[in-house]
Amino acid sequence: MAKPAKKLVIVTEKILLKKIASIIEEAGATGYTVLETGGKGSRNVRSTGQPNVSDTQANIKFEVLTPDRDMAENIADQVAVKFFLDFAGMIYICDAEVLYGHSFCGPEGC
Amino acid sequence: MDFLSFFLMDFVKQLQSPTLGFLIGGMVIAALGSELVIPEAICQIIVFMLLARIGLSGGIAIRNSNLTEMILPAAFSVVVGILVVFIARYTLAKLPKVKTVDAIATGGLFGAVSGSTMAAALTLLDEQSIPYEAWAGALYPFMDIPALVTAIVVANIYLNKKKRKAAGASLSKQEYSSPAEEYTGTAGAALSPAGAPLPVGTSFNITGDSPTAGTSSGSAGDYPATRQEYRKQKSSEDNRVKIWPIVQESLQGPALSAMLLGVALGILTRPESVYESFYDPLFRGLLSILMLVMGMEAWSRIGELRKVAQWYVVYSIVAPFVHGLLAFGLGMIAHYTMGFSMGGVVVLAVIASSSSDISGPPTLRAGIPSANPSAYIGASTAIGTPVAIGLCIPFFIGLAQTIGSN
């Protein structure tokens, strides 16, 4: 059985990694995945191919599976209110069905 | 006349030296659209190697010297680091079209120290066999940390004052909209002239459009209310600027931790063999690669800088000289009172004229998030650093030779 869940995706600046991770944990999510990303947004082109002396320009993408929409919105709101006036960022939510994932589904499996 | 000839000679020498040569080379190939990429990981290891080398030589020197000599130059470094921020606060911030927060952040970045500029200066002093205290490199953190801390504290005091004024003048609704306007006015306009209000709109639409009415507590009208609660929480947090986390953050930054580790190892252990066989011989080669990257970086930032006020260009050309001369003057006091060498005075002046490119920007981005990074990183990397390396280093060496020869 697949367990229905929400996938919350946050694309933002790498400098916020630790702060957003702690928001996600405090919201009660069991875990998250972080990817290094690049791309083009309304603020600038962010690519990993540019010569870079510091990490400030790198982007990351969080993927969080939450059991319900409330938790996802809670995380999204906190992140948006705290950071998105001053930092580049984008949040979207998708429907997901978890097939395997012990920690997410529970000891009996999905 | 003497000074001019010294300066010109040093300048020509500097042009031919690998340091500036690679810097200009990097700018040229970036301007020609070269696809050359130096991987980020290599830049990080280079920064580590350079600063560890400077730290090691400093640590070894500290072990063999008495620390009392360091007190006055270190105190002067702190003074310069703090003064630089206030200079920016009361000059750059007053200029038209310059936002005060951006100006303070720029001041902080120019007050902070660039490891690569310092490494270039030390290399040139070695080449010209001008003696300097080997521990002079260890002055780095004494200027770097005070500058960043001062900038973040001053900026937050300013922002809180403004916020309180706004709160007193109008209702919370206006308070909510004013930062957004400010944001689109600067960063939005600077980064995306086509769709300035887009970032705020998109990010808030995503969360704001979500149909909460059916799911949980209450209506959609709940949403702005919770946002304002968050905002209030945020502002109450911001009212008190904690200094220790800023110091901690800069100490934990890659540049300073590499250097302080080097200093500690130099003092506590006997790293001479690894220093002589590994760190020292690689120093110049790695510096040349870093300079190439800095040149490419500088060129890629010029475009960003063009979008903010032109005053940043003026500031970032003039400021390195002003800051350097200030430090040079204080260094001369140490020279006459404590016997601080002329080479050491040059090092002090150069670290004052340099602006941070490695550890400073992330610290400021986190500490003053509302400042526009295009303004301060653009000013520092695109103009400040090339001016400091290309003009200020030969200028201060020439000045020191002129004074020293009299």
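The values are calculated or read from the model by the stated rules, or taken from the named source; none is laboratory data. All figures in this text were calculated on a predicted structure; none of them were measured in a lab. Every residue, glycine as well, gets a Cβ built from its backbone with ideal geometry; the counts of neighbours run over all protein chains shown. Surface accessibility is based on the protein's heavy atoms, side chains included, excluding ligands, DNA and RNA. Shrake-Rupley method; radii C 1.70, N 1.55, O 1.52, S 1.80 Å.
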Residues of segment A:58-110 satisfying the condition of being within 14 Å of chain B (Cβ to nearest Cβ), of a type in the set (A, V, I, L, M, F, W, C) and open to solvent by 50 Å² or more (accessible area, probe 1.4 Å) = A:90, A:93
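Would you mind stating whether residue B:77 is under 22 Å from residue B:298 (Cα atoms) and among the hydroxyl-bearing types (Ser, Thr, Tyr)? Spell out how you get there, then give the answer.
Details: under 22 Å from residue B:298 (Cα atoms): no; among the hydroxyl-bearing types (Ser, Thr, Tyr): yes.
So residue B:77 fails the test.
Please state which one of B:293, B:241 is at pLDDT below 90 and more than 14 Å from chain A (Cβ to nearest Cβ). Outline the logic, then answer.
Numbers: B:293 fails: more than 14 Å from chain A (Cβ to nearest Cβ).
B:241 is the lone residue from the list that is at pLDDT below 90 and more than 14 Å from chain A (Cβ to nearest Cβ).
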ask   = For residue B:311, all conditions in the list (1) open to solvent by less than 20 Å² (accessible area, probe 1.4 Å); (2) over 25 Å from residue B:12 (Cβ atoms); (3) of a type in the set (Phe, Trp, Tyr) hold save one; what is the number of the exception?
value = (1)
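Rundown of residues vs (1) open to solvent by less than 30 Å² (accessible area, probe 1.4 Å); (2) in contact with a Phe, Trp or Tyr (Cβ under 7 Å, 6 or more places away or on another chain), yes/no style:
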residue: B:324; (1), (2): yes, yes
residue: B:329; (1), (2): no, no
residue: B:339; (1), (2): no, no
residue: B:345; (1), (2): yes, yes
residue: B:364; (1), (2): yes, yes
residue: B:369; (1), (2): no, yes
residue: B:381; (1), (2): yes, no
residue: B:390; (1), (2): yes, no
residue: B:402; (1), (2): yes, yes
ask   = What pairs can you find where one residue is in segment A:71-89 and within 14 Å of residue A:9 (Cα to Cα), the other is in a strand (DSSP E or B) and open to solvent by 20 Å² or more (accessible area, probe 1.4 Å), and their Cβ atoms are less than 6 Å apart, with a gap of 6+ or different chains?
value = A:72/A:6; A:72/A:93
query = Mind checking whether some residue in segment B:4-14 is among the hydroxyl-bearing types (Ser, Thr, Tyr), assigned to a helix (DSSP H, G or I) and open to solvent by less than 60 Å² (accessible area, probe 1.4 Å)?
reply = yes
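Answer yes if at least one residue in segment B:271-293 is over 19 Å from the mean Cα position of the chain (by Cα) and not in a helix (DSSP H, G or I), and no otherwise.
So the first thing to find is which residues in segment B:271-293 are over 19 Å from the mean Cα position of the chain (by Cα), and the list is B:271-286, B:288-289.
Filter again for not in a helix (DSSP H, G or I), leaving B:271.
Yes - at least one qualifying residue is present in segment B:271-293.
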note = How many residues of segment B:18-39 are surrounded by fewer than 18 Cβ atoms within 10 Å (Cβ to Cβ) and either among the aromatic types (Phe, Trp, Tyr) or within 19 Å of the chain's Cα centre (by Cα) (or both)? The answer is 0
Residue selected from segment B:349-363 under the condition outside any loop (DSSP other than H, G, I, E, B) and more than 9 Å from chain A (Cβ to nearest Cβ), by the criterion nearest to residue B:51 (Cα to Cα) = B:351
request  = Go over the candidates B:260, B:265, B:287 one by one and state the one that is in contact (Cβ under 8 Å) with a residue 60 or more places away in the chain, away from chain A (no Cβ under 14 Å) and under 16 Å from residue B:47 (Cβ atoms).
outcome  = B:260
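Against the condition among the hydroxyl-bearing types (Ser, Thr, Tyr) and without any contact (Cβ under 8 Å) to a residue 40 or more places away in the chain, how does residue B:100 come out, does it pass? Before you say what the answer is, go through the steps one by one.
Working: among the hydroxyl-bearing types (Ser, Thr, Tyr): yes; without any contact (Cβ under 8 Å) to a residue 40 or more places away in the chain: no.
It is false that residue B:100 is among the hydroxyl-bearing types (Ser, Thr, Tyr) and without any contact (Cβ under 8 Å) to a residue 40 or more places away in the chain.
Kindly indicate whether any position in segment B:314-321 is of a type in the set (Gly, Ala, Ser) and assigned to a helix (DSSP H, G or I). If you could, list the steps in order and put the result at the bottom.
Step one: of segment B:314-321, the residues of a type in the set (Gly, Ala, Ser) are B:316, B:319.
Subsequent filtering for residues that are assigned to a helix (DSSP H, G or I) retains B:316, B:319.
Within segment B:314-321, one or more residues are of a type in the set (Gly, Ala, Ser) and assigned to a helix (DSSP H, G or I).
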Looking only at segment B:365-380, and only at residues there that are facing chain A (nearest Cβ under 7 Å) and not in a helix (DSSP H, G or I), the one that is farthest from residue B:307 (Cα to Cα) = B:369
ask   = Got at least one residue in segment B:355-362 being in contact (Cβ under 8 Å) with a residue 12 or more places away in the chain, open to solvent by 10 Å² or more (accessible area, probe 1.4 Å), out of contact with any Phe, Trp or Tyr (no Cβ under 9 Å at 6 or more places or on another chain) and among the β-branched types (Val, Ile, Thr)?
value = yes
